[in-house]
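*Asks:* Sending over a structure as C-alpha cells; questions will come in a sec.
The values are calculated or read from the model by the stated rules, or taken from the named source; none is laboratory data. Just so we're clear, the structure is a prediction, and the values are computed from it rather than from any experiment. Glycine also receives a Cβ, built like all others from the backbone with ideal geometry; neighbour counts cover every protein chain displayed. In case anyone asks, the SASA skips ligands and DNA or RNA and just uses the protein heavy atoms, side chains included. Shrake-Rupley method; radii C 1.70, N 1.55, O 1.52, S 1.80 Å.
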Amino acid sequence: MDRYLVTFDRSVKERSSMASTLGRPRQGIVDGVQHLAAEAQGLASDVILAFPFISVASLVLEEDEAAALRQRGEIYGVRRTRKVQGSPISRDFASPMAVPGAPPWHIPLINAEKSWSRTTGRGVRVGIIDSEIDRDIADLPIVEGQTFHPETTEWWGTDDPHGTFCAAIVGCRTGNTGMVGVAPDCDLYAMRTNKGGTGSEESLIAAMAWAVEKKLHVVSLSQWDFAGADEPHEAPWEELGRAAEELTKAGCIVIGISGNSGNRPKPWVTNPGRCPAIVAVGATNADQTWWQSSSYGPDDLPEERAVELVAPGNSVLSLLPGGYAAPGSGTSFAAPQIAGACALVKQLRPDLTPSQIRSVLKTTSRDFGPLGRDSKFGVGFLDCFAAISSL
C-alpha cells in the first residue's frame, strides 16, 4: 500500500463530493492544510487529506484500488505521491570567495546592491517553502511561520541548514553576520515542508494554500525531484501545478528551480520546476558560465516548462544556522536571488501581476550562451538594476 494523490475534476470542491467518489465516509476526510500544520506523529494510513482549492485528495490505496479509481470519469488522475528535496550544503565555515566587510560576491554580479538606493523590498511579503529556519539569527527576522511536515509542529530549527541558507539569500538584513540578502528589507515568511532533507508533494501543496491565505507576493521554492525527470518530455506535476496556478491567481509569483541533474544521465529540467506557473531557475558559476550540475533542456521544451532565467549557484555565500557564513552550491541557491529580485520590483511597482514581474525579469536579463533563449541559460542572467530601471 502506498499514499496516492487523487485529482478530481476542478468542479469538485467539497469534501463530501470527494468522499462520495472515493467511496469513503465523509468524516474520514480532513482538511489537508490544517491537519499537516497540526500533526507531529506522521501521517496515519487511514487519514485522507483533502485540498479542495485544487480538487485533490491524498490517501493510502492498494494498487488495485488505485487502478479502479482511474476508471472513474470524474477522476482526472491517480498516482503515487512523490518526494522532493533541496541542494546539499557543505558545513565548511570558510570560503576563498568571502571578503570581510563586503557583500557576498553574487550581490554585485546580479546588480542587487546597485538597486538599493531605489528599492530594498520593503513591505513585500516573501515566503520560503523549505526546511526549518534558525529563528535566533537577529539579521534574519521571520514575520510568521508554519510547518506542514507531518512529523513536527515547529517551523524553526537548526538541523537542516537548507531553509536558513535560502532565506538569507533572499532577505538577510545588513548586520553583524557579514551576509546581506538581495532584498534586505522584505518581510520573510517561513513555510517548513522538509525534515531530514526531504518533503512530500502534500506538504508543498499545503504550504501554497497557506501562502494564498497570507497574501504573499513572492514564494521561493528551492525543491526538486532528486530522481530526475523520467524522460525528456516528462509532464508537469498536475497537482502541484494546480496549487501554483491558484497561488499565481492570488497575486503571488512562484520561483522554483530546474534541478541539479545537469551532469547526470537524465540532465533534463525536473519537477516541480516544469509546472508552467513556476519559474524554473538554472545556475551559473562565478564567471557566469553554466554550472555543470544545473538541469537543462531538452531543447524543444516549451519556455514556461524549461529553464527561464539563471543566477549564480556555484559556491554562493549565505548563512548556516547559528549565523555562520558559508558557501553552498545548487540551483536551490540561484532561485532565492530571483525571488529577491521579484521583491525589489514589487516594492517599486506593487500593481504589477506575477506575469508582468516574470516578463520584466526576463526581458531585462543578460543573454549568455547561444544567442537568444537556450536550454541551459533560458533567456538570460538576472540583472536586478536593469529590471528596476525598466520600470
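*Asks:* Could you size up the charge dipole of the chain around its Cα centre, putting +1 on the beta carbon of Lys and Arg and -1 on that of Asp and Glu, and report it in debye to the nearest 20?
*Replies:* With only Lys, Arg, Asp and Glu charged at Cβ, the dipole is about 820 debye.
*Asks:* Just order 122-135, 102-115, 13-26, 174-187 by mean Cβ neighbour count inside 10 Å, highest at the front, would you?
*Replies:* The densest-packed peptide leads the list: 122-135, 174-187, 102-115, 13-26.
*Asks:* Sticking with this one: Out of all DSSP beta bridges with both ends in the chain, state the antiparallel percent to the nearest 5. Please report the intermediate quantities before stating the final value.
*Replies:* Numbers: 28 of 60 bridges.
In the chain, approximately 45 percent of DSSP beta bridges are antiparallel ones.
*Asks:* Relative contact order for segment 101-174: what is it in percent, counting Cα pairs under 8 Å that are at least 6 residues apart?
*Replies:* Once normalised by length, the contact order is 33 percent.
*Asks:* Give, as a single signed number, the net charge of other residues whose beta carbon lies under 15 Å from the beta carbon of T177, with Lys and Arg counted +1 and Asp and Glu -1.
*Replies:* Around T177, the surrounding residues sum to -1.
*Asks:* Can I ask one more? Taking the Cα centre of segment 213-357 as the origin and placing charges on Cβ (Lys, Arg +1; Asp, Glu -1), which of A341, A235, T284 is farthest toward the positive end of the dipole?
*Replies:* A341
*Asks:* Would you mind putting 290-299, 189-198 in packing order, based on average other-beta-carbon counts within 10 Å, highest first?
*Replies:* Values: 290-299: 20.2, 189-198: 22.4.
Put in order of decreasing packing, that is 189-198, 290-299.
*Asks:* Over 26 Å between C-alpha atoms is what I'm after, so list which of K114/K362; K114/K346; K13/K214; K13/K215; K13/K266 land there.
*Replies:* Result: K13/K266 exceed 26 Å.
*Asks:* Run the dipole for segment 107-154 about the Cα centre, Lys and Arg Cβ at +1, Asp and Glu Cβ at -1, nothing else charged, and hand back the magnitude in debye, nearest 20.
*Replies:* The dipole magnitude comes to about 540 debye.
*Asks:* How many percent of DSSP beta bridges within segment 177-305 run antiparallel, rounded to 5?
*Replies:* Of all bridge pairs located within segment 177-305, approximately 30 percent are antiparallel.
*Asks:* Another question, if that's okay. Once the other residues with Cβ under 11 Å from the Cβ of L22 are scored (Lys, Arg +1; Asp, Glu -1), what is the net sum? It would help to have the intermediate numbers written out before the result.
*Replies:* Details: positive: R15, R24, R26, R72; negative: E65, E74.
Surrounding charge for L22 is +2.
*Asks:* Would you mind telling me which residue in A168, A235, A283 has the biggest mean-square fluctuation in a Gaussian network model of the chain, where springs connect alpha carbons within a distance under 10 angstrom?
*Replies:* Looking only at A168, A235, A283, the largest GNM fluctuation is found for A235.
*Asks:* Top mean-square fluctuation among P88, P272, P336, Gaussian network model of the chain, C-alpha springs under 10 Å?
*Replies:* P88
*Asks:* Also: Specify which residue in the list F226, G196, G178 is farthest towards the positive end of the charge dipole of segment 163-245, using unit charges on the beta carbon of Lys, Arg (+1) and Asp, Glu (-1), about the Cα centre.
*Replies:* So the residue furthest toward the plus end is G178.
*Asks:* With the contact rule set at Cα under 8 Å and sequence spacing of 6 or more, what percent relative contact order holds for segment 40-179? Each step should come with its number before you reach the end.
*Replies:* Numbers: 114 pairs, mean separation 34.8, N = 140.
25 percent.
*Asks:* Using the Kirkwood radius built from alpha carbon pairs, what does the Stokes-Einstein equation give as D for segment 253-341 at 37 °C and 0.692 mPa s, in µm² per second?
*Replies:* D, rounded to a whole number, is 254 µm²/s.
*Asks:* Taking every pair of alpha-carbon atoms in the chain, what share in percent sits in each 10 Å bin, from 0 to the bin with the longest distance?
*Replies:* For the chain, the binned pair fractions read 6, 26, 34, 23, 9, 2, 0 percent.
*Asks:* Another question about this same structure. With the chain treated as a Gaussian network of Cα nodes joined by springs under 10 Å, which of A280, A66, A167 yields the largest mean-square fluctuation?
*Replies:* Sorting by GNM fluctuation, first place goes to A66.
*Asks:* Rounded to the nearest percent, how much of the accessible area of the chain (1.4 Å probe, protein heavy atoms only) is carbon and sulfur?
*Replies:* Here carbon and sulfur together make up 49 percent of the probe-accessible area.
*Asks:* Might you tell me the accessible area per residue for the chain, computed with a 1.4 Å probe and given in Å²?
*Replies:* 37
*Asks:* Which value at 222 nm does the chain reach when only helices count, each DSSP H run of 4 or more adding -39,500 (n - 2.57), with the total divided by all residues and rounded to the nearest 500 deg cm²/dmol?
*Replies:* -6500 deg cm²/dmol
*Asks:* Among DSSP beta bridges lying fully in segment 108-210, give the percent that are antiparallel, nearest 5.
*Replies:* Numbers: 2 of 14 bridges.
Taking every DSSP beta bridge within segment 108-210, about 15 percent pair in antiparallel fashion.
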